[in-house]
Amino acid sequence: MEMRFTKNFKLINALLIVFVFVCEILSSEVPRPRGVSLSRASLYPPEKDFTCFDGSKTIPFSQVNDDYCDCPDASDEPGTAACPQGIFHCTNAGHKPLNIAASRVNDGICDCCDGTDEYASGKACQNNCIELGRSAREEAQRKAELIKAGKQLKAELSQKGIQMKQEKQVKLNELQKNKEEAEKLREEKLTLKKEAEELESAALEYYRKLEEEIKKKKAEEEAARNRAEALENFNKFDSNQDGYVDITELQTRQNFDKDRNGEVSEEEAKFFLSEQMQANSSPPAESEDSQGESDDMQDGDEHDDAHEDDEEEEDHEPEHHEEENEEKPTDITYDDETQKLVERATSARNEFYEADKQVKNIVGEIQGIKDYLEKDFGPDEEFAALEGQCFHYEDHEYIYKLCPFEKTSQQPKSGSVETRLGTWGRWDGTETNKYESMMYDKGQSCWNGPQRSTKVRIECGNENKMTSVSEPNRCEYLFDFVSPAACREVPIDVHEELHDEL
Ligand code: MAN
């Protein structure tokens, strides 16, 4: 089968070459001004005056290609560089005809393989159209063979892709049904939970009040303890028992001698008043009233400040205390009936949360499948099988990775940190073939530069493989990838040439 195809192709190719030569002989016999293609020859009848294609002017035919631009549309100078926007046509017999900008005529560079663009520059251009034509045809043949083999593989990929989407669709329908059931169950569990919690709440009301009373009592006891402790401390320092603690009283206490020089200075005593007393005690209420009249006033104020600080701290604390209290098992034991109701409500709550989790899982799965079904895997789902795979390419410095429909990345060979070069964005091909390239954008930002992005060019190949990687602009990467999924019939170039020339 393969052999027959190759044989047929060779025969067609040979016929084409003969055809091209015949056409060339015929075309070279059609008289026309330099730089005019065969298809336009009839627009330049030599026996008539020449009218610009845009109709703006008529000139004697002798002024066509006289190296002076008469027509605004450049139609009078197809073979010279006189008109800036002119186009020069090279026949390139044996290879591909070519249109070049008129400015490239006689510029000393051989643009046409037949060398016709350099007729007056003195540049000796070789006519290598025959060789170029031959290798172009060989390349076209290679490509055609590749496409033929690739198309078979592509058909298999398509089949797989279509099957995968169908299976997902079936799963989606199943999940939609499961979701309805799971929601119904959740509804039932919610009702049961509410009922159980109502009973539980009513039964716990009595214990809640009891607990509050216990808490209150505990708080009162704690406050009384604190107060007694404070008073004790105060009395300890108020050695003359006059209801005030003054500096001299503190100076008698050697443990305030911070610098260990044998005596307690006023500063050391004050330091203690401001730093230590704040933390440990509060003066009795009576002393607060009279503080303004004595030396102790300043110290007393500081003391008050300290007290305020304590209050501030306490302002933040209730939350914490409450939490602690909640965590602590209370000393209260429920009666059997209440205990049963609490247990029933707890298990109703658990069952509801379980049912709710089930619904959420199904919803998540449904969304995942919907996203998958909406993905564009090509007109025949031929690229679907690439999803979930990753392909690698190594150059001297990095290992590059392409995970189709997910991301592209770069990892230094000497390190383990992967840099994301892009996240799947969209198909980015041309109007004629949207699927010839992919764009992965929004990758990791470059230092002082843009976010990294990757364009992936896809060509037909008989396996899925990355063939090259480059970075044409800083942080903009170009991957070349071949895949049977990209094998599609394209017109062979030789056909196009003949069309154009005839
Ligand atoms: C790294 C690599 C390069 C990139 C620079 C930009 O070295 O990601 O590809 O050009 O960063 O600073």
Residues that are buried (at least 16 other Cβ atoms within 10 Å of the Cβ) and among the polar types (S, T, N, Q): does segment 470-483 have at least one?
yes
When residues of segment 429-444 are limited to those that are free of Cβ contacts under 8 Å to residues at least 24 places away in the same chain and within 16 Å of the ligand (Cβ to nearest atom), the one surrounded by the most Cβ atoms within 10 Å (Cβ to Cβ):
ASP441
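In contact with a Cys (Cβ under 6 Å, 6 or more places away or on another chain) and surrounded by 14 or more Cβ atoms within 10 Å (Cβ to Cβ): which single residue out of GLY133, GLY115 fits that description?
Residue meeting the stated conditions: GLY115.
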Going by the structure shown, is ASP395 of a type in the set (D, E, K, R) and surrounded by fewer than 17 Cβ atoms within 10 Å (Cβ to Cβ)?
yes
Could you give every pair whose Cβ atoms fall below 8 Å, whose first residue belongs to segment 67-86 and is free of Cβ contacts under 8 Å to residues at least 60 places away in the same chain, and whose second residue is buried (at least 22 other Cβ atoms within 10 Å of the Cβ) and of a type in the set (S, T, N, Q), counting only separations of at least 6 or pairs across chains?
ASP67/THR80; GLY86/THR80
Pull up segment 337-354, narrow it to residues that are among the charged types (D, E, K, R) and closer than 16 Å to THR191 by Cα, then point me to the one that is surrounded by the most Cβ atoms within 10 Å (Cβ to Cβ).
GLU351
Of all residues in segment 356-398 being within 23 Å of ALA486 (Cβ to Cβ) and assigned to a strand (DSSP E or B), which is farthest from the ligand (Cβ to nearest atom)?
PHE391
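Inspect all residues belonging to segment 399-406 and state whether any of them is farther than 21 Å from LEU157 by Cα, within 16 Å of the ligand (Cβ to nearest atom) and surrounded by fewer than 20 Cβ atoms within 10 Å (Cβ to Cβ).
Yes, there is a match, as at least one residue in segment 399-406 is farther than 21 Å from LEU157 by Cα, within 16 Å of the ligand (Cβ to nearest atom) and surrounded by fewer than 20 Cβ atoms within 10 Å (Cβ to Cβ).
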In the set ARG420, ARG426, which member is more than 11 Å from the ligand (Cβ to nearest atom), within 18 Å of the chain's Cα centre (by Cα), of a type in the set (Lys, Arg) and not assigned by TED's automatic domain parsing to the domain that holds ASN173?
ARG426
Is at least one residue of segment 482-500 away from the ligand (no atom under 16 Å from the Cβ), under 21 Å from the mean Cα position of the chain (by Cα) and modelled with pLDDT of 95 or more?
no
Residue within segment 265-284 that is loosely packed, with under 14 Cβ neighbours inside 10 Å, more than 30 Å from ARG208 (Cα to Cα), modelled with pLDDT of 85 or more and among the polar types (S, T, N, Q) present
no
Quick check, is ALA149 surrounded by 16 or more Cβ atoms within 10 Å (Cβ to Cβ) and either touching a residue at least 24 places away in the same chain (Cβ under 8 Å) or farther than 21 Å from ILE366 by Cβ (or both)?
yes
Filter segment 15-32 down to the residues that are at pLDDT 60 or above and over 57 Å from the mean Cα position of the chain (by Cα), then identify the one that is surrounded by the most Cβ atoms within 10 Å (Cβ to Cβ).
ARG32
Scanning for something under 60 Å from the mean Cα position of the chain (by Cα) and either under 30 Å from VAL342 (Cα atoms) or modelled with pLDDT under 85 (or both), does segment 218-238 turn up at least one residue?
yes
Residues (more than 46 Å from the chain's Cα centre (by Cα) and either surrounded by fewer than 22 Cβ atoms within 10 Å (Cβ to Cβ) or in a strand (DSSP E or B) (or both)) located in segment 95-107:
ASN106, ASP107
Mind listing whichever residues of segment 445-469 are within 14 Å of the ligand (Cβ to nearest atom), surrounded by 13 or more Cβ atoms within 10 Å (Cβ to Cβ) and either assigned to a strand (DSSP E or B) or not assigned by TED's automatic domain parsing to the domain that holds CYS403 (or both)?
GLN451, SER453, THR454, VAL469
Can you name every residue in segment 399-423 that is β-branched (Val, Ile, Thr) and part of a strand (DSSP E or B)?
ILE399, THR408, THR419, THR423
Any chance segment 177-184 includes a residue that's within 30 Å of ALA384 (Cβ to Cβ), at pLDDT 95 or above and of a type in the set (Lys, Arg)?
yes
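The values are calculated or read from the model by the stated rules, or taken from the named source; none is laboratory data. Keep in mind that this is a model prediction, so the values were computed, not measured. Quick reminder, even Gly has a Cβ in these numbers, built from the backbone with ideal geometry, and neighbours come from all protein chains shown.
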